[in-house]
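Right, one structure below, let's go through it.
The numbers here are math on the coordinates, done by the rules we state, and not lab data. All figures in this text were calculated on a predicted structure; none of them were measured in a lab. A quick note on method: Cβ atoms are made from the backbone with ideal geometry, for glycine too, and the neighbour counts reach across all protein chains shown.
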Amino acid sequence: MTDEEDSGSESVPQGIEHGRSEFGHVSVLLKEAIDFLAIRRGGTYVDATLGAGGHGYEIARRLGPEGHLIGLDKDPHALEIARQRLANPPAALKQDWPRITLLHTSFGEAGRLLPPDSVDGMLADLGLSSLQLTDAARGFSFQADGPLDMRMDPHSERTADQVVNHMDEKELAHVIYEFGEERRSRRIARAIVRARPITTTAHLVKVLSAALRPMKHERIHPATRTFQAIRIFVNRELEDLEALMQSAPQLLGKGGRLAVISFHSLEDRIVKDALRAGASQGLYRVLTKKPVTAQSEEIERNPRSRSAKLRAAEKI
């Protein structure tokens with residue numbers, strides 16, 4: 001996991017400039033994801049976690065005017081940024097630009113929203129975007145003071161404040177253990193309950209730091225796992241991922257590709273198990289025997305990429 005989450009030797013092809021843009025986000029494993037999708041001109045592709053549109057843009061520029069890019073995202077702010085980016089391609093590409101459909105929804109709803117056998121490729125880049133992390137008002141980061149929010153969709157009901165200040169101590173400990181893989185979850189839950197009301201992310205970090213003595217050889221911040229756990233629970237991230245992995249074989253047409261980038265072991269386990277199960281049922285040909293990880297050059301350029309794992313499969 002990265003401190004805020006959990007989340008090549010080949011030349012970079014023309015048009016892929018390390019995933020960096022003026023929109024403030026660096027797409028992780030961009031070239032690798034595009035390669036695994038094996039994009040077919042004129043096809044229909046889904047960017048299930050559109051974010052600022054970095055991966056989506058690279059998909060779109062390969063589709064041609066007969067192609068169709070469908071972008072999904074829970075975060076309306078990110079969706080608007082992607083809309084601006086995808087609606088204004090360079091002049092040289094305008095005549096060759098595909099149809100774009102953007103939907104404000106979770107990727108867990110893809111199976112309900114899209115027709116069966118209608119997709120030639122699907123990409124999901126899980127975890128937080130740089131846009132979310134760097135906006136203190138969203139409450140995702142423990143490195144900046146902000147409200148206890150952590151909602152990817154600001155219209156959803158569940159907030160970090162409800163978890164931190166109103167959840168039963170036993171249930172809180174379970175959430176921290178289950179979604180943060182934090183062995184000291186009971187101690188943390190006890191400290192949080194005793195410190196209530198906790199008003200901001202900085203206040204929560206202070207409580208966590210006081211409750212946890214640094215463990216030997218531990219390199220991550222003491223708040224990392226608890227913040228991850230609360231964020232995953234607030235946004236129902238694992239439930240949505242399981243729904244996406246369940247619907248993907250039905251949505252993909254024959255030869256369609258699925259590529260998923262995860263940032264911590266909970267996500268990666270769900271993806272790995274779903275691809276293995278699909279392969280055993282004759283639905284998939286798994287393209288990644290082991291997860292693809294970032295090369296040293298990308299990690300140096302974008303430290304967030306060091307925990308990224310890409311897995312891919314092809315619909316049989």
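Between Glu171 and Ile316, what is the FRET efficiency for a Förster distance of 51 Å, r being their Cβ-Cβ separation, to the nearest 0.05?
After rounding to 0.05, the efficiency reads 0.75.
Kindly count the pairs of lysines across the chain whose alpha carbons are less than 24 Å apart, treating pairs on different chains or eight or more residues apart as eligible.
23
In sequence order, what are the phi-derived ³J(HN,Hα) couplings for the stretch 198-205 according to the Karplus relation 6.51 cos²θ - 1.76 cosθ + 1.60 with θ = phi - 60°, rounded to whole Hz, with x for glycine and proline?
9, 9, 9, 5, 5, 5, 5, 4
Taking the Cα atoms of the chain, report the difference between the largest and smallest coordinate on each principal axis, in whole Å and largest first.
That gives 60, 44, 39 Å along the principal axes, largest extent first.
Report the FRET efficiency, 1/(1 + (r/R0)^6), for Arg269 and Ser209, where r is their Cβ-Cβ distance and R0 is 30 Å, rounded to 0.05.
0.55
Would you calculate the separation in nanometres between label points at Arg236 and Ile299, each defined as 7 Å from the Cα along the Cα-to-beta-carbon direction?
Between Arg236 and Ile299, the simple spin-label model gives 3.6 nm.
Multiply the residue gap between Lys289 and Asp145 by 0.36 nm, knock off their C-alpha separation, and tell me the result in nm, one decimal place.
Result for the pair: 47.7 nm of gain on full extension.
Assuming R0 = 51 Å, can you tell me the calculated FRET efficiency for the pair Ala279 and Arg186, based on Cβ-Cβ distance, to the nearest 0.05?
Result of the calculation: an efficiency of 0.85.
Go through Phe227, Tyr177, Ile188 and say which Cα lies farthest out towards the positive end of the charge dipole of the stretch 159-235; charges sit on Cβ, +1 for Lys and Arg, -1 for Asp and Glu.
Projecting each Cα onto the dipole axis, the largest value belongs to Ile188.
Subtracting the Cα-Cα distance from 0.36 nm times the residue separation, let me have the gained length for Gln250 to Thr101 in nm, one decimal.
So the chain would gain 51.6 nm between Gln250 and Thr101.
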